[in-house]
Amino acid sequence: MRELEERILKDGRVLPGEVLKVDGFLNHQVDPDLMFAMGTEFAHRFQDAGVTKILTVESSGIAPAVMAGLAMHVPVVFARKHKSVTLIDDLYTAEVYSYTKKTSNHISIAKKFLQPGEKVLLIDDFLANGQAVQGMFEICDQAQVTIAGVGIVIEKVFQTGHQMIVDRGVLLESLAQITSFDGDRVHFASEDVD
Ligand code: G4P
Ligand code: NA
Ligand code: NA
């Protein structure tokens, strides 16, 4: 998505450890116009997938997920993060390890918000090693729902999450695909297309 790539080049900053800081428009301050355009783009890319619900993880997944839900007219549910989960009877839960933060969290959602038979689109702001998506896959498996696809705002193609999703045979759509960082420069997969 050209508009997003241009914004990354303008306002993104590459930090040590191959982390792209985009807190000016995506995961701290939010640009609603850009977010709305991204939601519309997700709706377009998944229009034939029969999506009945969108699932994301708090907190940075919520803004793009809600905009996609607005464009697709389907409800959005976000998994909550906890250090540990004790009362789990009414919850689906999964463990998510963050390579970036070196911590483990549980994510959970109330069972009543994922009914068998639903077709669920998973949305997140970043795809790196795919731990968050893996956790959402586990929750969808527990709930016996169909995964309609995975929609990512910014994907770092060189990390392991991309292949994990492809190996599972799930449709993956990313609005910006970063192939490498070169010092403070960002390279996109779209540069490789003639
Ligand atoms: P993974 O889910 O793909 O495995 O991600 P990983 O463990 O590597 O990263 C942990 C957190 O860091 C996730 O946010 C993820 O979205 C975010 N992240 C990964 N790569 C980047 C990056 O290059 N730039 C930025 N800004 N974030 C990145 P989180 O802590 O789960 O979420 P949230 O509370 O911010 O929503
Ligand atoms: Na996230
Ligand atoms: Na994040």
From V57, V51, residue being more than 13 Å from ligand 2 (Cβ to nearest atom) and surrounded by 19 or more Cβ atoms within 10 Å (Cβ to Cβ): V51
One residue is enough: does the range 171-179 have a residue meeting the conditions part of a strand (DSSP E or B), touching a Phe, Trp or Tyr at 6+ places or on another chain (Cβ under 6 Å), of a type in the set (S, T, Y) and away from ligand 2 (no atom under 14 Å from the Cβ)? no
Test: residue in the range 142-157 that is free of Cβ contacts under 8 Å to residues at least 24 places away in the same chain and over 15 Å from the mean Cα position of the chain (by Cα): no
Subset of the range 99-143 that is of a type in the set (S, T, N, Q) and within 16 Å of H162 (Cα to Cα) - its residue that is farthest from ligand 3 (Cβ to nearest atom): Q134
Please state which one of G17, G61 is touching a residue at least 24 places away in the same chain (Cβ under 8 Å) and over 20 Å from H187 (Cα atoms). G61
Is it true that L91 is more than 23 Å from H28 (Cβ to Cβ) and aliphatic (A, V, I, L, M)? yes
Within the range 78-105, residues in contact (Cβ under 8 Å) with a residue 12 or more places away in the chain and within 15 Å of ligand 2 (Cβ to nearest atom) come out as F78, A79, R80, K81, A94, V96, Y97, S98, Y99, T100, N105
Restricted to the range 81-105 and to residues being surrounded by 10 or more Cβ atoms within 10 Å (Cβ to Cβ) and among the β-branched types (V, I, T), the residue nearest to L55 (Cα to Cα) is T93
Just to verify a result, which residue in the range 1-41, among those that are touching an Asp or Glu at 6+ places or on another chain (Cβ under 7 Å) and part of a helix (DSSP H, G or I), is farthest from ligand 2 (Cβ to nearest atom)? A37
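Bear in mind that the values in this text are calculations on the coordinates, not laboratory data. Every value quoted in this text rests on a predicted model; they were computed, and no experiment measured them. Cβ atoms come from the backbone with ideal geometry, glycine included; neighbour counts cover every protein chain shown.
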